[in-house]
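One structure is given below, encoded as structure tokens.
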Amino acid sequence: MPNHRQTDDVRAFHARLMTVASGSVDPRLERVFGLVPREAFLGPGPWKVMVNNRYVETPSDDPIFLYQNILVALNADQGINNGEPFLHAAWIGFAAPQGGETIVHIGAGTGYYTAFLSLLVLPNGKVHAYEIEPILARRATENLKHFDGVTVVHGDATTLVLPDCDVIYVNAGVVSPPGRWLEALRPGGRIIFPWRPSSYVGIALMLTRGADGFGVRPLGPSWFIPCVGASDPADCLKAPSPWQARSIDAAWLTKDREPDDTAVAICRDVWFSAAPR
């Protein structure tokens, strides 16, 4: 029988650790991270957690086992997991969602991190959560039904028209970010995605829309399952070395500006430069 008082204490401490991992001074984060119970989005336990690319089953259905910086299986056969909390805390810290903003969450899974995003855009904000796997989309719809401003879409976000938004939060590995994603960003809008331009480069990038192209901030190593519709290796015409990927400073849509000799990576709809904008 789970000890609910103990679980509450562990969840509160985990929220504090996530806040530190976020690198943010936003006073809302610890409260938001502590409000959403991870177990409510993972289905009944015991659960399979990943260590060193292997799943290990928790000893029981006590939620206390979930409050670690670990992957938890949503579909072990397909390798689909609920991601590492500290990584997501850091990305949320970089994205810095604000009240009233609109967020597009691509690869929402069962909605755990969608829930955080929805709380951070209160009041009057909106989150459009896209999930291509039908079972996960149904679970996310159920899990998020009491969260204000959230819409779950079962579909391929690489082919659908996205709403105008302030943040796009991508939880699947992308070889070539679709141009329509970047076009959906409002001025000052941010997109965070795990970039896999080649088999030997896996890095998270944050692009911020400016008056002239996009500022780029590399966020560190990142390895996610491929994003359906955005993971064709042929869509990366020029791949960067790991060092070049970490040095990227700017990006442009190719329809707005042709790649020049500063380009270190050229994808189907966007190219990246290590030269400051």
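Just a few scattered comments:
- Residues that are part of a helix (DSSP H, G or I) and surrounded by 13 or more Cβ atoms within 10 Å (Cβ to Cβ), drawn from the range 70-79: 76
- Hits in the range 39-69 - residues which are touching a strand residue (DSSP E or B) at 6+ places or on another chain (Cβ under 9 Å), under 16 Å from residue 89 (Cβ atoms) and surrounded by fewer than 19 Cβ atoms within 10 Å (Cβ to Cβ): 68
- Hey, residue 130 surrounded by 19 or more Cβ atoms within 10 Å (Cβ to Cβ), at pLDDT 95 or above, part of a strand (DSSP E or B) and among the aromatic types (Phe, Trp, Tyr) or not: yes
- Any hit, the range 80-88, residues being among the charged types (D, E, K, R) and either surrounded by fewer than 17 Cβ atoms within 10 Å (Cβ to Cβ) or closer than 25 Å to residue 10 by Cβ (or both): yes
- Inspection of the range 32-41 identifies no residue that is assigned to a loop (DSSP other than H, G, I, E, B), over 14 Å from residue 112 (Cα atoms) and touching a helix residue (DSSP H, G or I) at 6+ places or on another chain (Cβ under 6 Å).
- Leading residue by the ranking (nearest to the chain's Cα centre (by Cα)) among those in the range 19-31 that are assigned to a helix (DSSP H, G or I) and within 15 Å of residue 90 (Cα to Cα): 22
- Within the range 248-262, tally of residues that are outside any loop (DSSP other than H, G, I, E, B) and among the β-branched types (Val, Ile, Thr): 0
- Checked across the range 94-112, the condition of being surrounded by fewer than 20 Cβ atoms within 10 Å (Cβ to Cβ) and either farther than 21 Å from residue 206 by Cα or among the acidic types (Asp, Glu) (or both) holds for no residue.
- The set of residues in the range 233-249 that are of a type outside the set (Asp, Glu), farther than 19 Å from residue 178 by Cβ, surrounded by 14 or more Cβ atoms within 10 Å (Cβ to Cβ) and free of Cβ contacts under 8 Å to residues at least 40 places away in the same chain comprises 244, 247.
- Selection status of residue 22, more than 21 Å from residue 169 (Cβ to Cβ) and polar (S, T, N, Q): no
- Candidates 160, 144, filtered to the one that is touching a residue at least 24 places away in the same chain (Cβ under 8 Å), over 17 Å from residue 39 (Cα atoms) and surrounded by 13 or more Cβ atoms within 10 Å (Cβ to Cβ): 160
- Verdict on residue 62 being of a type in the set (D, E, K, R), within 30 Å of residue 182 (Cβ to Cβ) and either in contact with a helix residue (DSSP H, G or I) (Cβ under 9 Å, 6 or more places away or on another chain) or at pLDDT 95 or above (or both): no
- A search for C-beta distances below 8 Å between a residue of the range 1-26 that is farther than 26 Å from residue 97 by Cα and any residue that is modelled with pLDDT of 95 or more and not in a loop (DSSP other than H, G, I, E, B), counting only pairs 6+ apart in sequence or on different chains, returns 2/63; 2/64; 3/64; 6/64; 7/63; 7/64.
- Residues in the range 167-223 that are more than 18 Å from the chain's Cα centre (by Cα) and polar (S, T, N, Q): 198, 199.
- Qualifying positions in the range 78-88 - hydrophobic (A, V, I, L, M, F, W, C) and within 10 Å of the chain's Cα centre (by Cα): 87
- Out of 265, 245, sole residue that is closer than 30 Å to residue 114 by Cβ and part of a strand (DSSP E or B): 265
- Qualifying residue in the range 115-125 (condition: touching a Phe, Trp or Tyr at 6+ places or on another chain (Cβ under 8 Å), part of a strand (DSSP E or B), buried (at least 22 other Cβ atoms within 10 Å of the Cβ) and at pLDDT 95 or above): no
The values are calculated or read from the model by the stated rules, or taken from the named source; none is laboratory data. The model shown is predicted, which means the values in this text are computed figures rather than measured ones. Glycine gets a Cβ as well: all are built from the backbone with ideal geometry, and neighbour counts include every protein chain shown.
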